[in-house]
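To keep things clear, I will list the structure first and then write my remarks on it.
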Amino acid sequence: MDNPYVAMWQDLGLDLGAHDALLEVLGKAYTDFFLTQKNRPEGMGYFDFVMSEVHGLRIRELLDEKAAGRKVIGSFCVFVPEEIALAANATLVGLCSGADFAMEEVEKLLPRNTCALIKSAFGFKLGRVCPYLESADMVVGENTCDGKKKAYESLGSLVENLYVMDLPQVKSEHGRALLKSEYERFRGAVEALTGVAVTAESLKAAIRTVNAKRAAIHRLSSLRKADPAPISGMDALLANQVFFYDNPERFTESVNKICDELERRIAEKEGAFPAETPRVLISGCPQAVPNWKLPFIVESSGAVIVGEESCVGERGARNLTDESGETVAEMMAAIVDRYFQVDCAIFTPNHDRLAHIEEMAAAYRADGVIHYGLQFCTPYLMESFPVEKALEEKSIPTLRIETDYSMEDMGQLKTRVEAFIEQLR
Ligand code: BJ8
């Protein structure tokens with residue numbers, strides 16, 4: 001049967017041949033990595049469906065929203081506040097990319113020693129294979145790491161309406177003031193894009209919507225403390241990845257539904273893995289769709305991942321925004337307070353992150369931590385050394401991994417991960 005979305009992809013200007021090739025690789029990876037897992041919760045059927053339609057139905061929904069007068073904003077970072085976008089009648093979608101694409105073209109614009117995440121974003125644009133990017137009315141970049149900061153200078157010539165947000169690098173009063181003024185500037189830019197002013201009512205509703213989404217993810221995370229773990233780390237990561245794409249209300253409902261099921265599984269001592277399987281916390285760089293390499297290696301080597309200290313995970317979703325404000329100014333201040341706690345490695349010093357890793361290792365009863373660093377990601381690779389040292393001093397076994405999106409080091413990584421899991425046993 002003909003694919004019902006071909007005309008839509010064509011209208012978006014996608015390179016259909018390249019896009020077909022991407023979908024084929026994605027579909028195969030999904031089948032191999034996810035559908036082969038045993039003892040999956042039934043509720044994962046929803047996420048399987050979402051992934052099967054990630055370039056189809058969800059894009060059609062976004063285009064329908066646009067036809068009804070809403071705008072779509074794409075973002076590469078959890079510092080871009082979804083609350084502000086929603087309150088001004090826009091939908092925010094994540095653009096972070098987790099696969100290599102059109103690398104030859106990318107390396108004509110970026111140095112080879114750029115992290116895979118940045119290269120991937122460029123590859124998806126240059127290869128014309130990302131319908132989210134092509135649907136976006138505004139793309140938001142942010143001055144976080146040096147790689148991203150400088151890459152947006154080049155990306156500006158490739159995408160229409162690139163908006164760059166400045167971000168603090170120090171958690172000081174001055175840093176907070178910068179974040180506040182940048183969020184105000186962003187509010188103005190979104191209002192100008194949509195023609196809709198943020199009101200106290202719309203902002204309160206948006207804060208509630210995003211809080212509900214985060215609360216559902218917190219509930220899911222908390223259930224992973226059980227032994228046996230009721231859900232695999234692969235499946236929990238998938239839910240955290242879908243967080244950035246899905247309709248927020250539907251996402252919240254689906255995650256809460258799976259949580260109901262997980263509570264039943266915990267009561268019946270039913271796990272995705274047997275009880276006493278070695279438990280691992282992953283900490284470090286974000287793992288964007290379809291970057292499933294490390295979790296697959298870990299869980300196919302006999303351990304279960306019980307948490308992600310990552311922006312696609314707890315670092316991104318931790319903390320709700322205070323809902324008690326009554327004016328736009330009060331709620332904007334609450335949004336600044338909430339986001340200013342995100343402990344990305346671009347901050348210096350960044351003591352909160354180490355404290356959070358230790359807290360998470362204890363809360364999720366992790367037997368060890370795997371620090372995941374993307375090659376050439378200076379902020380996280382630099383932090384991996386003190387993190388490893390501090391954790392080892394507390395007798396928490398730690399493995400530092402440095403990798404990219406290629407599959408070439410699968411064998412080597414598997415050997416190291418297996419040895420680490422053996423040590424945990
Ligand atoms: S808040 S982690 S989403 S910036 S991997 S591009 S850091 S060189 S992604 Fe991030 Fe926002 Fe921080 Fe989170 Fe640079 Fe490192 Fe590449 Fe990275």
Checking a compactness column here: for region 192-257, what do you get for Rg(Cα) / (2.2 N^0.38 Å), N being the number of residues? 1.38
List the aspartates and glutamates whose Cα sits under 16 Å from the Cα of Lys150, skipping any in the same chain fewer than 8 residues away. Glu107, Glu142, Asp166
Over all pairs of distinct alpha carbons, what does the Kirkwood formula give as the hydrodynamic radius of region 295-384, in Å? 15.1
Top to bottom by accessible area (1.4 Å), largest first, where do Asp352, Asp343 land? Asp352, Asp343
Sorting Asn291, Tyr183, Asn3 by the position of each Cα along the dipole of the chain (Lys, Arg +1; Asp, Glu -1; all at Cβ), the one nearest the positive end of that ordering is Tyr183
Could you give the length gained on full extension between Glu392 and Ala7, defined as 0.36 nm per residue of separation minus the Cα-Cα distance, in nm? 133.1 nm
Can you tell me the relative contact order of region 352-425? Whole percent, Cα pairs under 8 Å, sequence separation 6 or more. 30
In whole Å, how far is the Cα centre of region 1-73 from that of region 200-217? 26
Output the peptides 279-285, 263-269 sorted from most to least packed, where packing is the average of other Cβ atoms within 10 Å over each peptide's residues. 279-285, 263-269
Sequence neighbours fewer than 8 away in the same chain don't count; with that in mind, list the aspartates and glutamates whose C-alpha is under 15 Å from Lys414. Glu299, Glu402, Asp404, Glu422
Furthest towards positive pole of dipole, Val328, Phe420, Thr378, structure part region 285-425, Cβ charges: Phe420
Mean-position separation - Cα centroids, region 97-127 and region 367-400, in angstrom: 26
Answer in debye to the nearest 20: the dipole magnitude of region 37-147 about its Cα centre, from +1 Lys/Arg and -1 Asp/Glu charges placed on Cβ, is 160
Mean separation of Cα contacts under 8 Å (at least 6 apart) over the residue count of region 6-171, i.e. the relative contact order in percent, is 24
Projected area averaged over all directions for the convex hull of the alpha carbon atoms of region 349-403, nm², comes out at 3.6
Please list, ordered by chain and number, the residues whose modelled amide H lies under 5 Å from the amide H of Val164; skip anything fewer than 5 residues away on the same chain. Gly141
At R0 = 35 Å, how high is the FRET efficiency between Lys149 and Glu61 if r is their beta carbon distance? Nearest 0.05 is fine. 0.60
For region 6-171, the accessible surface attributable to carbon and sulfur atoms (probe 1.4 angstrom, ligands and nucleic acids excluded) amounts in percent to 52
Using alpha-carbon pairs under 8 Å, 6+ residues apart, how would you state the relative contact order of the chain in percent? 17
How do Thr91, Thr415 stack up against each other in accessible area, from largest to smallest, with a 1.4 angstrom probe? Thr415, Thr91
Average the reciprocal distances over every distinct pair of alpha-carbons in region 159-270, invert the result, and give the Kirkwood radius in Å. 17.0
re region 6-171: pairs of Cα atoms spaced beyond 21 Å account for a percent value of 52
Apportionment of accessible area to carbon and sulfur, region 339-425, percent (1.4 Å): 54
Using alpha carbons only: equivalent-ellipsoid semi-axes of the chain, gyration tensor based, whole Å: 31, 25, 23
Taking the Cα centre of the chain as origin, sum charge times position over the Cβ atoms of Lys and Arg (+1) and Asp and Glu (-1), and report the length of that vector in debye to the nearest 20. 380
Packing rank of 353-366, 111-124, 394-407, where each peptide gets the mean count of other beta carbons within 10 Å, highest leading: 111-124, 353-366, 394-407
Where only C-alpha atoms are counted, convex hull volume of region 96-230 per residue in Å³: 179
For region 210-302, build the convex hull from the C-alpha positions and give me its volume per residue in Å³. 91
How long is the gain from Thr199 to Leu158 if the chain were fully straight, where each residue apart is worth 0.36 nm and the alpha carbon distance is subtracted? 11.4 nm
Mind checking which helices in the chain clear 27 Å along their axis (Cα) and have mean Kyte-Doolittle hydropathy of -1.0 or more, DSSP H runs only? 173-194, 200-223, 248-267
Which pairs, out of Lys119/Lys149; Lys108/Lys293; Lys213/Lys257, put more than 19 Å between their alpha-carbon atoms? Lys108/Lys293
First select every other residue whose beta carbon is under 15 angstrom from the beta carbon of Leu63; then total the charges, Lys and Arg +1, Asp and Glu -1. -2
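The values are calculated or read from the model by the stated rules, or taken from the named source; none is laboratory data. Just so it is clear, the structure is predicted and the values come from calculations on it, not from any experiment. When we count neighbours, we look across all protein chains shown, and the Cβ atoms used for this are built from the backbone with ideal geometry, even at glycine. Heads up: the accessible areas ignore ligands, DNA and RNA and are worked out on the full protein's heavy atoms, side chains in. Shrake-Rupley method; radii C 1.70, N 1.55, O 1.52, S 1.80 Å.
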